Amino acid sequence: MWGGTSLIWMIVLPFVASIVAVLMPANARNAEAWLSGGVMLVILILVMLAYPGISDSGAVRHVVDWVPELGLQLVFRIDGFAWMFALLISGIGLLVVIYTRYYMSPEDPVPRFYMFFLAFAGSMLGVVLSGNLIQLVIFWELTSIFSFLLIGYWHHNAAARDGARMSLTVTGIGGMALLGGVLLIGHVVGSYDLDDVLTSGNLLREHDLYRPILILVLLGAFTKSAQFPFQFWLPNAMAAPTPVSAFLHSATMVKVGVFLMARLWPVLAGTHDWFVIVGFAGMITLVLGAFFSIFQQDIKGLLAYSTISHLGLITMLLSLGSPLGAVAAIFHMMNHATFKASLFMAAGIIDHETGTRDMRRLGGLLSAMPMTATLAMVASAAMAGVPLLNGFLSKEMFFAEALEHHADSWVDTIAPYAAVVASAFAVTYSIRFIHSVFFGVAPEPLPRKPHEPPFFMRLPVLLLVLICLVVGIIPGVTVGPYLHTAVVSVLGAQTPHYSLAIWHGFTMPLLMSTLALVAGTLLYLAIRTYLATSEEGPPYFRRLNGQRIFEQVMVTVSWRWARFLESQLGTRRLQPQLLLLVVIALIAAVLTLWRSPVLPPVRLAGSNDLVFSLLWLLGMACAIGAAYQAKYHRFVALILMSGAGLVTCVTFVWLSAPDLALTQLLVEVVTTVLILLGLRWLPQHKRDAETPMQALVAQLRRYRDFALAIACGGGMALIAYAVMVRPAPPTIADYFVENAYLLGGGTNVVNVILVDFRGFDTFGEITVLGIVAITVFVLLRRFRPAPESVGSTQQQRHQSVSDPADMPDSGTIIGDYLYVPSVIMQWMFPVIIMLAAYLFLRGHDLPGGGFVAGIALASAFILQYLAAGTRWVEERLRVLPVRWIGLGLLIAAATGIGAWVLDYPFLTSHARYIDLPLIGKIPAATALFFDFGVFALVVGATVLMLIALAHQSIRKLRVAKTAALADREAS
């Protein structure tokens, strides 16, 4: 039976299938198509099964508690309007998958395409099925990201890269504006729940923040649906594969903006601001899009500008503020998706079978491709609004609403004239497409001999055109009930009476339709000769090229302004930037404490442990010595830093914090190796002769840094002291101590907190750690040192403990300073592995855990790299750290999703005892799986960063050794 959980499956299934698709072999086109088609078919079935539950003007909700204590919930909601869009997404998505199987070349990376396609479909379903506005914005941004990847799928094509970058920039900026508008809506309404927002229309419209909310929300909608002045990105996205255009740019992504405007129509529409802003943008987009479409030479370019025009028509209908206008807008969303998706697929077939989409090179395809030509002509007629086709019905409703009086505004006055002009242009570009492509004779030989495509490549077009015909002939029976359900879910009690009859008598809308058909035909006859030989539009049209304007803006903002700010504020040295950050933080802390002092009076303890005091004096001496030696000898400074870290470890043990001590100790080890490997790349100290004035400035700078360090360090010490000496009322720490075993099944409170009570925080932290590791690896992989920093000079070799030429093959040098016999490091490998396993298995009850065990195992791997070299290790051990990172994230996420499946909040763990033969009862908790994910990711991230440095250092060491031997032979 269909239930609320089906809503979750409708969104989750595409994302899961996208992961499976990308793991398939590149030559498994049939398997990937079956997988994607099966997923879209399942979703389509779930959507159709949902209709009985929402057909009576109802809405089905499913709430998943995310963080119940904070009131955070995931809300999934489907009503008639969301159902209509889910049907379009899944239905047209299924047809596009079938079409793609025959469109894509075997040489294309098809798994990557289906991964992006399925993830985009899941994001779109997330938008339309979200019952929470913040959740909707998250999925909204995901559609921008995956559309960027789909548009740039053929990344070897510069046009595809430019179009993808443009679409992401424009829609991403709009998404940020939408987030701001949603946050303001939540502030005004007091809730982000969609049901609460939809019942707060008067509250929003009468609030002082209504205008900022309206502008921000419309920015998001206009950028997504390519409305003026943001319409320029859509034609440049036509460099994407045709299946992408058929899905994203006709039925789904570009419809999200008008979907949002219709969804929020009950609470934002009906004001003068709404009418003027939305009406003006829609009218300009309607007319300009239709006009520019006439002069396109590329078929997909023509369809792209016509899409812009039809989206402007929908926007203009929504601007009127009348319920009948909203009905017509919703109806046209459905109609446009069907005929435009079929036209894009027909354009792809023409390109696929002839080798070109340039209408100046095409002609006479009716005889070579009669079935495709017939289908494309019917779909073009629907786009032009010819009677007995679905486009005619919604266009008639548009004309009727344009004639009505809605407001005393010039926008309302010229609306009927703009509607007729735009419709005439639509007839012109539709006739041009039909005549230029299917009639006459091709002016030159085509790249390929045209012929009909395979049946299943033409089948999606056939089904969509059949829908256009059936809806246009018998609309009341076919689409009437579904349209009514969608309309009622948006308008509610405001739903007006409307008729889908195809004949209303001789009315003014019929006269306007006839006038548009005649004027459009005459216009084409007048300019067809010019269109057959011209470039893409007259000179003034080419000067209005949106891509050129966008590039100029990007150059101005991201290059000129950025370079200016860099020249004024930037520096090539890291120290001034750190100085600025530290000073700002210090000033903010001082001002905060000055206004509201919260520090308690200083109370010295009655007795101090002498050994502990000496220990801290030793640690302070090491820290001061490290700061002093950093100017003269970095290796000594590193040793002293390690001494200070070791004192910190002992302090944690002293204060009964063994988990922290163990983590600190292992982090110290790995960090020391990391810094040793990185010392080689630091620039050498310059000891040039200084004038007295330069020496004085340098001395003053050191005094300044010393004072700043004392102020910041003393402030942190004061804050720590205030925390430690404050009164001890019941705190959250008491809750963790009392419930770690009862609720988490572990006696190690620290580990239970990390993997259970605050598991979501840990999940976010390991995600960031994985991102950082991959970023470091990419940066170091591209790093190429300057020739003078390779280490081949006599001075650099003299700084090392031993000459690289004298280094035996049975050992290794870490940095420039430390030589370690490789045999010792190889013997330590199995020992450290056992230690890591021991630390991992005991972590839930005793000091240890996945993080500590991961660092321990990572240190074992890096020792092998240092001891035996990269080639030996990579051939024998096959660490593959990137897969460790991915595996760790997947295991951690699967643990949380498993709790969801069992109807518990995300990452809820379960603890129990397991009775094993011969052993007895042992404690077990599902948090162990999450901890293993942490362990795997920490291993992968740490090894990835250390390997990157090791590769560079070993490469430099080989160069230095070769240069040293060459110098020795020459001398």
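The values are calculated or read from the model by the stated rules, or taken from the named source; none is laboratory data. Treat the numbers as computed from the prediction; the structure is a model and nothing was measured. No Cβ is skipped: glycine too gets one built from the backbone with ideal geometry, and neighbour counts run over all protein chains shown.
Some values worked out for this structure:
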{"item": "Unique match (being closer than 15 Å to Val75 by Cβ and touching a residue at least 24 places away in the same chain (Cβ under 8 Å)) among Val188, Val170, Val197", "result": "Val197"}
{"item": "Single match in Val278, Val256 (criterion: within 30 Å of Asn157 (Cβ to Cβ) and in the same structural domain as Glu206 (by TED's automatic domain parsing))", "result": "Val256"}
{"item": "Which numbered condition Ser489 fails, given (1) over 39 Å from the mean Cα position of the chain (by Cα); (2) crowded, with 22+ Cβ neighbours inside 10 Å", "result": "(1)"}
{"item": "Filtered residues of the range 649-660 (kept if without any contact (Cβ under 8 Å) to a residue 40 or more places away in the chain and crowded, with 17+ Cβ neighbours inside 10 Å)", "result": "Cys649, Val650, Thr651, Phe652"}
{"item": "Extreme residue, modelled with the lowest pLDDT, among residues of the range 542-564 that are over 27 Å from the mean Cα position of the chain (by Cα) and more than 19 Å from Gly163 (Cβ to Cβ)", "result": "Arg543"}
{"item": "Set Asp803, Asp809, Asp816: member being exposed (fewer than 15 other Cβ atoms within 10 Å of the Cβ), over 39 Å from the mean Cα position of the chain (by Cα), of a type in the set (D, E, K, R) and modelled with pLDDT under 50", "result": "Asp809"}
{"item": "Residue list for the range 99-129, filter: within 16 Å of the chain's Cα centre (by Cα) and closer than 18 Å to Phe456 by Cβ", "result": "Phe117"}
{"item": "Qualifying position, being aromatic (Phe, Trp, Tyr), within 23 Å of Gly201 (Cα to Cα) and at pLDDT below 95, among Phe275, Phe291", "result": "Phe275"}
{"item": "Tally of residues being surrounded by 13 or more Cβ atoms within 10 Å (Cβ to Cβ) and within 17 Å of Leu74 (Cβ to Cβ) across the range 898-935", "result": "8"}
{"item": "Selected residue [hydroxyl-bearing (Ser, Thr, Tyr) and touching a residue at least 60 places away in the same chain (Cβ under 8 Å)] from Thr252, Thr285", "result": "Thr252"}
{"item": "Residue among Leu87, Leu72 that is under 25 Å from Ala119 (Cβ atoms) and modelled with pLDDT of 90 or more", "result": "Leu87"}
{"item": "So Phe506, is it assigned by TED's automatic domain parsing to the domain that holds Pro370, surrounded by fewer than 20 Cβ atoms within 10 Å (Cβ to Cβ), among the aromatic types (Phe, Trp, Tyr) and in contact with a helix residue (DSSP H, G or I) (Cβ under 9 Å, 6 or more places away or on another chain)", "result": "no"}
{"item": "The range 510-531, residues that are without any contact (Cβ under 8 Å) to a residue 60 or more places away in the chain and not polar (S, T, N, Q)", "result": "Leu511, Val518, Leu522, Leu525, Ala526, Tyr530"}
{"item": "Residues that are assigned to a loop (DSSP other than H, G, I, E, B) and either of a type in the set (Lys, Arg) or in contact with a strand residue (DSSP E or B) (Cβ under 9 Å, 6 or more places away or on another chain) (or both), drawn from the range 612-648", "result": "Lys631"}
{"item": "Subset of the range 430-451 (residues that are surrounded by 14 or more Cβ atoms within 10 Å (Cβ to Cβ) and either of a type in the set (Lys, Arg) or within 12 Å of Met359 (Cα to Cα) (or both))", "result": "Arg432, Phe433, Ile434, His435, Ser436, Val437, Phe438, Phe439, Gly440, Ala442, Leu446"}
{"item": "Exclusive hit being hydrophobic (A, V, I, L, M, F, W, C) and modelled with pLDDT under 85, set Leu640, Leu599", "result": "Leu599"}
{"item": "Flag for Asp65 being in a strand (DSSP E or B) and assigned by TED's automatic domain parsing to the domain that holds Leu198", "result": "yes"}
{"item": "Any hit, the range 316-339, residues being surrounded by fewer than 22 Cβ atoms within 10 Å (Cβ to Cβ), outside any helix (DSSP H, G or I) and in the same structural domain as Leu248 (by TED's automatic domain parsing)", "result": "yes"}
{"item": "All positions within the range 900-915 that are of a type in the set (A, V, I, L, M, F, W, C) and in contact (Cβ under 8 Å) with a residue 12 or more places away in the chain", "result": "Trp900, Phe906, Leu907, Ala911"}
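Listed here are the residues, each with its yes/no results for (1) modelled with pLDDT under 80; (2) assigned to a helix (DSSP H, G or I); (3) at positive phi.
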{"position": "Asp756", "(1), (2), (3)": "no, yes, no"}
{"position": "Val776", "(1), (2), (3)": "no, yes, no"}
{"position": "Leu780", "(1), (2), (3)": "yes, yes, no"}
{"position": "Ser792", "(1), (2), (3)": "yes, no, no"}
{"position": "Leu841", "(1), (2), (3)": "no, yes, no"}
{"position": "Asp845", "(1), (2), (3)": "no, no, no"}
